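Working notes for the structure below.
The values are calculated or read from the model by the stated rules, or taken from the named source; none is laboratory data. Keep in mind that what you see is a predicted model, and the values were worked out from it rather than measured. Here the Cβ positions follow ideal geometry from the backbone for every residue, glycine too, while neighbour counts run over all protein chains shown. Accessible surface is based on the protein model in full, side chains and every heavy atom, while ligands, DNA and RNA are left aside. Shrake-Rupley method; radii C 1.70, N 1.55, O 1.52, S 1.80 Å.
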Amino acid sequence: MNIHEYQAKQIFKKYGLPTPKGIMVESVKDAVKAAEQLGGPIWVVKAQIHAGGRGLGGGVKLAKSLEEVETLANEILGMTLVTHQTTAEGKLVQKLYIEDGADIQSEYYLSVVLDRKLEMPIIMASTEGGMNIEDVAENTPEKIVIVPVDPAIGFQSFHGRKLAFGLGLTDKDEQKNMIRFASKLVAVYMDNDAEMIEINPLVKTGKGEFIALDGKMGFDNSALGRHPDIAEMRDLSEEDADEVEAAKYGLSYVALDGEIGCMVNGAGLAMGTMDTINHMGGTPANFLDVGGSANAETVAKGFEIILKNPKVKAIFVNIFGGIVRCDRIANGIIEATKITDVNVPVIVRLDGTNAPEAAEILKNANIANLIVGDDLGDGAAKAVAAAKGN
Amino acid sequence: MSILVNKDSKVIVQGFTGKEGTFHAEQCLAYGTKIVGGVTPNKGGQVHLDKPVFNTVDEAVQTTGATVSMIFVPPAFVGDAVMEAAEAGIELAVIITEGAPVKDMQMAKAHATKHGMMTIGPNCPGVITAEECKIGIMPGMIFKKGNVGLISKSGTLTYEGANQVVKEGFGITTAVGIGGDPIIGLSYKQILPMFEADPETECIVMIGEIGGDLEIQAAALIKEQITKPVVAFIAGQTAPKGKTMGHAGAIVSGSAGTAAEKMAALEAAGVTVVVSPAEIGAAVTKAMAKISK
């Protein structure tokens, strides 16, 4: 789960990590009010969306008067922001963060993230703040400092020293400030089961202090249960409505561009099914994993979500029953045809646990439009043919 | 022969008396797995599925001599359960539970390693040595005995792969579902050499996915150490670009972890890479025909 910059900064503040003063608003009127309250003389008007690259996309701008705050708030609020991290359609800006301008002497990059190979979090830092860090990694990898932190020992001063010297900080106070900042940032990461924290830019002020000018945070969904305060920060308007709806029923759904709706159990087989369709000259309309506890209701819901997409010309149900029992899926398909108007061919391939019973159920149900696939290859071929009108 | 487990492996179940634990322990017993007991705190002394229940893993190990644990406890308790097993002297923990916090798994795996315990999973179908020992949630009837070793990140693709191998007239030595979480136990790198050393395994099916770089590491190892034919499939060639907010993850792994990248690395290592899981069976048949020549 991801959160907004203003929310990340609320968490930073709790841990004593310096951030500029700011107020989140949802209207132009409140934006001006917030600016008045902050006092100025310089403000930053920032679009709040779950994506990086906002500045380059025109979603972060500097204002030198209240009038300018109003103009910019008007301009940014309601705009559709396209950055290299959003889709081509971009994201609608519904929230703004009005922030005090900061005294910037130099900009850094700082993040904490899990290194899957080392199996522990690492602190990653660079003197190339404010830049696209992927480009830094590509062009000047020597400018990136990486310090792994073994959770068994936690953050130690030496971690901080490696970071400070790695960034070329020579002033002792600045070194101390950096060590303190990194220590608190690691605490934020560990305490809250974060998946990643990224501050770009982290700025050094004229006084040699470090301030988080930005803040991105993502969390381990599996750990949200023990962080109700974080779970509450979820902004459903930033997520795809169909995906959210599907998740309520234990379905994992991602919309794609193609014509063949897919309903599969298990993420791996779901991807493998999409790959097979693609390989046979068809195009998958979605990824849909019905999960391990599929029943009639969830399968019916799956059909409903798939059929919402007008591009869908055929549906391929591919189930290899392990924990999922095929007879349950078969009943779900029958149920779905009663609840939803399934007006496209449905190709069904059921294998594994209780597959013979499932075949019997489907046969007796006598559903028009239903085609049986013998195995993965056969089912995919039939789905591709059906989508092409054959 | 086989790898990791066989008909003599003594297995306990952590989370024995819960709904999932009970259902799957019953299935494993029916398959022939030598389950010698289970652990559920405060239910010690009871008998469940005709097997003794213990309060702690220590007690279970001392009383039954178990060396393998199958873990079904709820996600929030997985880390704790793994570390308890490690300290009790369990040699292999198979973690079935889905949704264990990543931080817990970092700690648990580090602790397991320290105590010399191997782990499989979490969030995986488990491990099965055909017609001898099933530790997990896979449908046992698919896995007929034979000479093909199988290793996969994905549960249902494990079944799909095994089913095709059997339909082609071959069978499985051992199949291992390693799971696809950010932190997992045994991976390709450890299991491929086990298959190489197993005299009964003649061919290996390896199923991977997009994300991370375990398959790239596997490719390097195959090139150096594996002489048996390997058939591979990488799921996710058509998957959309991941919806990530920061960039840090991709940079750390040093690669984007795309299917194309992994397929190329495996091909360069001499692996037969198929573009669809529907082609696994035919590719195995071809590989086996070459061996018998």
Open item on the list: Within the stretch A:63-85, does at least one residue satisfy the condition of being touching a Ser or Thr at 6+ places or on another chain (Cβ under 8 Å), closer than 21 Å to A:Ile3 by Cα and either within 14 Å of chain B (Cβ to nearest Cβ) or β-branched (Val, Ile, Thr) (or both)?
Closed with: yes
TODO: Restrict the check to the stretch B:150-158 and report whether at least one residue is modelled with pLDDT of 95 or more, away from every other protein chain (no Cβ under 14 Å), under 17 Å from the mean Cα position of the chain (by Cα) and within 30 Å of A:Asn354 (Cα to Cα).
DONE: no
Task: Single condition A:Lys248 does not satisfy, out of (1) free of Cβ contacts under 8 Å to residues at least 12 places away in the same chain; (2) farther than 16 Å from B:Thr156 by Cα; (3) facing chain B (nearest Cβ under 10 Å) - done: (3)
- [ ] Quick one: count up the residues across the stretch A:56-65 that are open to solvent by 40 Å² or more (accessible area, probe 1.4 Å) and more than 30 Å from the chain's Cα centre (by Cα).
- [x] 1
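Residue-by-condition table, conditions (1) over 20 Å from the mean Cα position of the chain (by Cα); (2) surrounded by fewer than 19 Cβ atoms within 10 Å (Cβ to Cβ):
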site	(1), (2)
A:Lys46	no, no
A:Glu67	yes, yes
A:Leu72	yes, no
A:Met79	yes, yes
A:Ala102	yes, yes
A:Ser106	yes, yes
- [ ] Please list, ordered by first then second residue, the pairs with beta carbon atoms under 8 Å, 6 or more apart or interchain, first in the stretch A:157-178 and at pLDDT 95 or above, second open to solvent by 50 Å² or more (accessible area, probe 1.4 Å) and among the β-branched types (Val, Ile, Thr).
- [x] A:Leu167/A:Thr127; A:Gly168/A:Thr127
- [ ] Take A:Ala358 and decide whether it is open to solvent by less than 10 Å² (accessible area, probe 1.4 Å), away from chain B (no Cβ under 12 Å) and either more than 33 Å from the chain's Cα centre (by Cα) or basic (Lys, Arg) (or both).
- [x] yes
TODO: Could you identify the single residue in A:Gly302, A:Gly321, A:Gly379, A:Gly373 that is at pLDDT below 90 and in the same structural domain as A:Leu256 (by TED's automatic domain parsing)?
DONE: A:Gly321
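What strands (runs of 3 or more DSSP E) lie completely within the stretch A:112-219 and have 1 or more residues being at positive phi, within 13 Å of chain B (Cβ to nearest Cβ) and open to solvent by 20 Å² or more (accessible area, probe 1.4 Å)?
Working: elements: A:120-126, A:144-148, A:194-204, A:210-212, A:216-219.
In the stretch A:112-219, there are no strands (runs of 3 or more DSSP E) which contain 1 or more residues that are at positive phi, within 13 Å of chain B (Cβ to nearest Cβ) and open to solvent by 20 Å² or more (accessible area, probe 1.4 Å).
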- [ ] Of the conditions (1) more than 18 Å from A:Ala380 (Cα to Cα); (2) part of a helix (DSSP H, G or I), A:Asn343 clears all except one; give me its number.
- [x] (2)
Task: Which numbered condition A:Pro228 fails, given (1) modelled with pLDDT of 95 or more; (2) under 18 Å from the mean Cα position of the chain (by Cα); (3) surrounded by fewer than 21 Cβ atoms within 10 Å (Cβ to Cβ) - done: (2)
- [ ] Please enumerate the residues belonging to the stretch B:62-85 that are surrounded by fewer than 24 Cβ atoms within 10 Å (Cβ to Cβ) and either within 14 Å of chain A (Cβ to nearest Cβ) or not small (Gly, Ala, Ser) (or both).
- [x] B:Gln62, B:Thr63, B:Thr64, B:Thr67, B:Pro74, B:Pro75, B:Ala76, B:Phe77, B:Gly79, B:Asp80, B:Met83, B:Glu84
Task: Subset of the stretch B:274-286 (residues that are buried (at least 20 other Cβ atoms within 10 Å of the Cβ) and more than 12 Å from chain A (Cβ to nearest Cβ)) - done: B:Ala283, B:Val284
TODO: Find the strands (runs of 3 or more DSSP E) located wholly in the stretch B:88-204 whose residues include 1 or more that are open to solvent by 30 Å² or more (accessible area, probe 1.4 Å) and closer than 22 Å to B:Lys228 by Cβ, and list them.
DONE: B:118-120, B:145-152
Open item on the list: For the stretch B:205-220, give me each residue that is open to solvent by less than 20 Å² (accessible area, probe 1.4 Å), farther than 19 Å from B:Lys145 by Cα and away from chain A (no Cβ under 11 Å).
Closed with: B:Glu215, B:Ala218, B:Ala219
